[in-house]
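K.L.:
Can you read through this structure? Questions will come right after.
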Amino acid sequence: MIERTPLLNLATYTVMILGAFMVFVPLWLVFVGSTLTVREINIPELHVWPGSHFFENVQAAWARGHLGGRLFNSLIMALGVATGKVVMSALTAFGLVYFRFPGRMLVFWMIFITLMLPLEVRIVPTYAVAANALWPFQSILDVTGLTDLIQRFSGIQVALEWNLLNSYTGLILPLIATATGTFLYRQFYLTVPDELLEAARMDGAGPFRFLVEFLMPLSRANMAALFTIMFLYAWNQYLWPLLATPDRAGFGTTAVVELKLLAPTVSTNGGGTPDWNVAMAGCLIVMLPPLLLVAFMQRYFVRGLIATEK
Amino acid sequence: MEKRATFSKTSIGVMFILPQVLLVFTFFYWPTGAAMYWAFTLERPWGGGNEWVGFDNFRQVFADRAYWGSIFRSLVFAAATATLSMGFGLLLAVACDRGLKGYQAFRTVFVWPYAVVAPAAALAFRFIFAPEAGIFAALVKQNPAFWNPAQNGYHAMAMIIICYSWKYAAYCFIFFLAALQAIPRSVIEASALDGAGMLRRVFDIQLPLITPTFFFMLVISITDSFQDSFGIVDVMTDGGPAKATELLVYKIYFDGFRGLDYSGAAAQSIVLMLIMMVLTFFQFRYIERRVHYS
Amino acid sequence: MLKKILMSAVLSAALVSNVYAADRVKFDFWHGLTGNLGEVVAEVCKRFNDSQSDYEIVCTSQGSYPNALQNAIAAYRAKKGPTIVQIFDAGTLDLMLSDAYVPARKLMEDNGYKIDWDDYVPAIANYYADSKGVLNSFPFNSSTALLYWNKDAFAKIGKTEAPKTWEETFDALKALKAAGYECPMGWENDTWQIMEQFSAIHALPIASQSNGYKGLNAELQFNKTKFMDYLKLFKKGYDDGLIKIKSPETGEDVDQAFANGNCQMMMESVADHGSIGKTQKPGMNWDVAMLPVMAGMERHNTFVGGASLWALQGKSASEYKGAAAFFNFIAKPESALFWSTNTGYIPVTKSGFEFMKAQGFYDKAPYKGREVAIASLNASPVTEYTRGIRLGGYTQVRKEIRDAFTEIFANKVSVDEGMNAAVERGNIVLRKFEKTYAGKVMP
């Protein structure tokens, strides 16, 4: 569309430049912070221009935070959550939209309700489940008397155990157990014309083939969007990895948890001196992978959300 | 909204949803159930006896002025962050949607804050807003009362609102831009041929057409603000000064896992869940309407 | 009855398996120290591992005291707890009332160690001991509050000694102000120095039932003692610009402000003695002294701060053997010397203190002055109200007091209103705690 609107264009650019400025300022200050010495950063004045200690601080943060291993853990966890979520959501939404079975609406609401209670508020019992993921089932056996029954007949006491602490499985599974992606997919499937299924049927496709060969290719953009959202969500997790990875020497933890340890607060660390310059350098390192992913995925990302959202 | 054409094999359908159901049962319902049980008992943190006390914990929660304060602050936080982040998100989306030269670069930049790790963003903003070191340092030197989030609750609240909105505006931007770009170009071109100017088109055509997205974002951002504020509050203010930034989720976390009052925290969780249910119900209605629309 | 395991799908086992040192007994120690202090703990663990070949302690920082507590609880409930955990003062009572720990004395006796329990500095031992005086946990990182003062600034106002009474302190603050110092004393709304230590020094009750030691039905009382007069005095000093609030949220925290020479006095833990020395403005002269008393009142011992080490239930006999060996190791005077040299913490036993004195530790420059902390803890025999604080939900109570301070010093409420509200809200916490542990006897 070609129109001459010089004033409006000027205003538009002004808005965009101001917006970009607001995005940049905090990021810039983090960068500047990461280039100073401990003493410089603790002097109460605003540093606008970078110092000369960037690489030393990055090195210090990398070494002290064991960031090599931690970033790897974060990456595995984020990839696991993102992939798991995409697969799980695609399957579940497919089951909910394309099938009729009793209790379908109940399942739908059951999954929907998981949107309402963030992990933070149910974290202790969740930890107990992660320590033994079969605890719920053991309890069911105990309460229904099945444990006793089995013991009476076979002489074997049922003691189910599956410890997920200090494992990628344990980091990932509880984060997948929410509804977010299911709804994105449900909305998407609902917008797919019914004719597609009829055409697929004509082709002799069963449910599985229909999902893989017809729906999946269509939902590529959704997939990219959901993948990106879930990757960021998982990468940003703080409280759950902090609890779920007590074995710091062996398994380690995630980069974000380590980041918080790099920036101790005076009231909680028993008097160690916080060196913010190293913390800021750590910030930069930890920020980088999601930024790269978003830059890379952005095209699909925006398109995937068109008309369907979340 | 229902599909007319479906598969008929029930057993296969159940198979598709079974993994999710198992997962949700194990990692959501079971722990939530345990927390609910705590809400009606007095749970000892290190285990041991717990006594059934009925609704005592709820009574205590509702009798607590601090709890009502925290509900009020959460609502203020939700309203303020929704206004700011949606306002900026929409403004930038409209600007980008004009498709002026080089807008792709701006689009990339505007999405960034969404990708910035919340604790990192919070640390950065703590620096920026530190009265003696940050951007206000010069003004604070002349008048110490000008800016002091460590003592002034309003300042602290403003600080977490700005930090959260900075991140969340990027999220709103993505959705609004997607919605704007989904409007068929033909509609806009037709109105341009009718002689409608750019601003006129924005207000008369584009904005009305994305109203469903707008409402959807409103509800989403309110529910998100309840849930996602935790990391920012934890890093920036610890709920202070004097509870001024103690939002619902932070309070639950503090009472439960810092203060070791598991039962009181569990009761608060259930109240929060009810609030979220009401909000999500509205959200759901809008999603459904949105589907009809397209 | 032996449990047979029918099914155990241990998928994660491979990730946590003991690949090396199969014959050494491994056990976990979780603590809450980070940064420099965390590194010293790691060093202590390494020294222990190097000193013998039977056990291997795995030390993990959980990031902060509250995190160490909350992670240990979560893990213990899931039967995955560490063998040893560091619990800070405010978390003591919850653990003491539970069945989750192995009493320190029992642990050592069962494993054949003879510990001279009377060797512990009384003010430290009593803080953590039960009502019969038996220690259930091992005092580990221990500190107390001191008055840090800038000698250079004091020289400017013609003084060479730290003030001994609050009256002298306020005179000095006024003189410093008059001499052009912007921040004569830095302070952050912290309850430990101003309320808890002040009450201890003057043997004022913080709560009834001997600060809670005699029963769970204790009620907060600090709003009815001389502490209120002191707080009003303090508030007036703040209003007159003699005392400045320094918090990490404003830029410099109290320690940094003192180390940079911006604030001339502060009340701070001896644990920070080392880091002040490391980060101070070059050439600055400073020293520490005991916290001042109110004129005409008798000085009592201060409270110990910091944390103690607990052995948790549910571990194997060999792990407990390792834990006992570790406790025995850190109780050695040499370990005390290493620990205190690298941190600001004080030795917890008399013999450790004597050993360090004999080594000339307190004569040398960076460590000189830390003996004041021991003197402060030993200022008097431990009495009913200087023993410690044994209140449930104390993290929440502290938060209420802190919130009240914040409001008082932001001029939102008066001193009386603020403290009365804190007591009222704190008592609600105490009553709920009492109800939660109904039927439990105070050990």
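K.L.:
Rank A:Leu141, A:Leu29, A:Leu75 by mean-square fluctuation in a GNM of chain A with C-alpha springs under 10 angstrom and give only the top-ranked residue.
P.N.:
Ranking A:Leu141, A:Leu29, A:Leu75 by mean-square fluctuation puts A:Leu141 first.
K.L.:
Springs between alpha-carbon atoms under 10 Å, Gaussian network over chain A: tell me which of A:Val86, A:Val143, A:Val257 tops the mean-square fluctuations.
P.N.:
A:Val143
K.L.:
Would you kindly derive the ³J(HN,Hα) couplings of the range C:163-171 from the backbone phi angles with the Karplus curve 6.51 cos²θ - 1.76 cosθ + 1.60 (θ = phi - 60°), listing them in order in whole Hz, with x for Gly and Pro?
P.N.:
Result, rounded to whole Hz: x, 9, 10, 5, 4, 4, 4, 5, 4.
K.L.:
Same structure again: So what's the back-of-envelope 222 nm ellipticity for chain C, counting only DSSP H runs of four-plus at -39500 (n - 2.57) apiece and dividing by all residues, rounded to 500?
P.N.:
Helix-only estimate at 222 nm: -12000 deg cm²/dmol.
K.L.:
Name the shape class, rounded, prolate or oblate, that the alpha-carbon gyration tensor gives for chain A, where a ≥ b ≥ c are the square roots of its eigenvalues, rounded holds for a/c under 1.5, and otherwise prolate holds if a/b is larger than b/c and oblate otherwise.
P.N.:
oblate
K.L.:
Turning to a different aspect of this structure: Among B:Pro212, B:Gln268, B:Gln20, which residue has its Cα furthest toward the positive end of the charge dipole of chain B, with +1 on Lys/Arg Cβ and -1 on Asp/Glu Cβ?
P.N.:
Ranked along the dipole, the leading option is B:Pro212.
K.L.:
Still on this structure, I have one more. In peptide C:28-36, what is the residue-averaged number of other protein chain Cβ atoms found within 10 Å of each Cβ?
P.N.:
For peptide C:28-36, the averaged partner shielding equals 5.
K.L.:
Averaged over peptide A:156-165, how many Cβ atoms belonging to another chain are found within 10 Å of each residue's Cβ?
P.N.:
Neighbouring Cβ atoms belonging to other protein chains average 6 per residue here.
K.L.:
For every other residue with a beta carbon closer than 11 angstrom to the beta carbon of C:Thr60, add +1 if it is Lys or Arg and -1 if Asp or Glu, then tell me the sum.
P.N.:
Neighbour charge sum, excluding C:Thr60 itself: -1.
K.L.:
Using a cut-off of 12 Å between beta-carbons, work out the net charge of the residues near A:Cys283 (Lys and Arg +1, Asp and Glu -1, A:Cys283 not included).
P.N.:
+1
K.L.:
Picking from A:Gly69, A:Gly206, A:Gly80, which is most flexible by a Gaussian network model of chain A using Cα springs under 10 Å?
P.N.:
Result: A:Gly206 has the largest fluctuation of those listed.
K.L.:
Go through A:Leu75, A:Met216, A:Phe55 and say which Cα lies farthest out towards the positive end of the charge dipole of chain A; charges sit on Cβ, +1 for Lys and Arg, -1 for Asp and Glu.
P.N.:
A:Met216
K.L.:
Residue-wise, which Karplus ³J(HN,Hα) couplings in Hz belong to the range A:92-104, taking 6.51 cos²θ - 1.76 cosθ + 1.60, θ = phi - 60°, and x for glycine or proline?
P.N.:
4, 4, 4, x, 6, 8, 9, 10, 10, 8, x, x, 5
K.L.:
Could you tell me which residue out of B:Phe281, B:Ser225, B:Gly102 lies farthest along the dipole of the range B:65-293 toward its positive end? Charges go on the beta carbon: Lys and Arg +1, Asp and Glu -1, centred on the Cα centre.
P.N.:
The residue sitting most towards the positive pole is B:Gly102.
K.L.:
Please report C:Phe326, A:Phe183 as a ranked list, fewest other C-beta atoms within 10 angstrom at the top and most at the bottom.
P.N.:
A:Phe183, C:Phe326
K.L.:
While we're here: Structure shown: which of B:Lys243/C:Lys151; B:Lys243/C:Lys232; B:Lys243/C:Lys235 lie over 29 Å apart, alpha-carbon to alpha-carbon?
P.N.:
Correct reply: B:Lys243/C:Lys151.
K.L.:
What residues have an amide H closer than 5 Å to that of C:Glu56, excluding those fewer than 5 places away on the same chain, when H is modeled at 1.01 Å from N in the peptide plane?
P.N.:
C:Val25, C:Lys26, C:Phe27
K.L.:
To continue, here is another question. So which lysines can C:Lys236 reach, going by Cα to Cα under 18 Å and dropping same-chain residues fewer than 8 places off?
P.N.:
Counting by Cα, and skipping residues close in sequence, C:Lys236 has these lysines nearby: C:Lys174, C:Lys177, C:Lys226, C:Lys244, C:Lys246, C:Lys412.
K.L.:
Placing +1 at every Lys and Arg Cβ and -1 at every Asp and Glu Cβ, with all other atoms neutral, what dipole size does chain C have around its Cα centre, in debye to the nearest 20?
P.N.:
Charge dipole, chain C, about its Cα centre: 860 debye, nearest 20.
K.L.:
With 10 angstrom as the radius, rank B:Met217, A:Met105 by how many other C-beta atoms surround their C-beta, starting from the fewest.
P.N.:
Lowest to highest Cβ neighbour count: A:Met105, B:Met217.
K.L.:
In addition: Within 10 Å of each residue's Cβ, count the other Cβ atoms and sort C:Ser98, C:Ser51, A:Ser52, C:Ser269 from fewest upward.
P.N.:
Ordered from fewest to most neighbouring Cβ atoms within 10 Å, C:Ser98, C:Ser51, A:Ser52, C:Ser269 come out as A:Ser52, C:Ser51, C:Ser98, C:Ser269.
K.L.:
Same structure, new question: Size of the dipole of the protein assembly as shown about the Cα centre, Lys and Arg at +1 and Asp and Glu at -1 on the beta carbon, nothing else charged, in debye to 20?
P.N.:
1800 debye
K.L.:
Hey, another quick one. How far is the Cα center of the range B:61-130 from the Cα center of the range C:231-256, in Å?
P.N.:
Using only Cα atoms to place each centre, the spacing works out to 33 Å.
K.L.:
Near the amide H of C:Ser269, under 5 Å away, which other amide H atoms are found, from residues 5 or more places off or on another chain, if H is placed in the peptide plane?
P.N.:
Result for C:Ser269 returns C:Leu146.
K.L.:
What order, most packed first, do the peptides C:359-369, B:264-274 have when packing is the mean number of other Cβ atoms within 10 Å of each residue?
P.N.:
Top to bottom by mean Cβ count within 10 Å: B:264-274, C:359-369.
K.L.:
Another question, then. Any idea what Rg and Dmax come out to for the range B:65-293 if you just take the C-alpha atoms, in Å?
P.N.:
Spelled out, the Cα radius of gyration and Dmax of the range B:65-293 are 20.3, 67 Å.
K.L.:
In whole Å, what are the Cα extents of the protein assembly as shown along the three principal axes, biggest one first?
P.N.:
Principal axes ranked by extent give 94, 84, 53 Å for the Cα atoms.
K.L.:
What does the helix-only formula give at 222 nm for chain A: each DSSP H stretch with n ≥ 4 adding -39500 (n - 2.57), the total divided by the residues, and the result rounded to the nearest 500 deg cm²/dmol?
P.N.:
-21000 deg cm²/dmol
K.L.:
Rounded, prolate or oblate for the range C:284-439? Axes are the square roots of the Cα gyration tensor eigenvalues, ordered a ≥ b ≥ c, and the cut-off for rounded is a/c under 1.5.
P.N.:
Verdict is oblate for the range C:284-439.
K.L.:
Using modelled amide H (1.01 Å from N, peptide plane; none on Pro or chain starts), what sits under 5 Å from the amide H of A:Thr35, excluding residues fewer than 5 places away?
P.N.:
Here A:Gly51 satisfy the definition.
K.L.:
Next up: Placing unit charges on C-beta atoms (Lys and Arg positive, Asp and Glu negative, everything else neutral), compute the dipole magnitude of the range B:65-293 about its Cα centre in debye, rounded to 20.
P.N.:
Dipole about the Cα centre, nearest 20: 320 debye.
K.L.:
Lys and Arg at +1, Asp and Glu at -1: add these up for the other residues within a Cβ distance under 11 Å of B:Tyr67 and post the number.
P.N.:
Summing Lys and Arg as +1 and Asp and Glu as -1 gives +1.
K.L.:
Mind listing the phi-derived Karplus ³J(HN,Hα) values for the range A:160-176, rounded to whole Hz, using 6.51, -1.76 and 1.60 with θ = phi - 60°, and x for any glycine or proline?
P.N.:
For the range A:160-176, the Karplus curve yields 7, 8, 8, 7, 10, 5, 6, 9, 5, 3, x, 6, 7, 3, x, 7, 7 Hz.
K.L.:
Report, as an integer, the average count of C-beta atoms from other chains found within 10 Å of each Cβ along B:209-221.
P.N.:
Mean shielding by partner chains, rounded to a whole number: 1.
K.L.:
What helices in chain B pass both tests, a Cα length along the helix axis of 20 Å or more and a mean Kyte hydropathy of 1.6 or higher, using whole DSSP H runs?
P.N.:
B:10-24
Since every read-out is calculated from the coordinates, none of them should be taken as a lab result. Not measured: the values here are computed from a predicted model. Cβ coordinates were reconstructed from backbone atoms using ideal geometry, including for glycine residues, and neighbour counts include every protein chain displayed.
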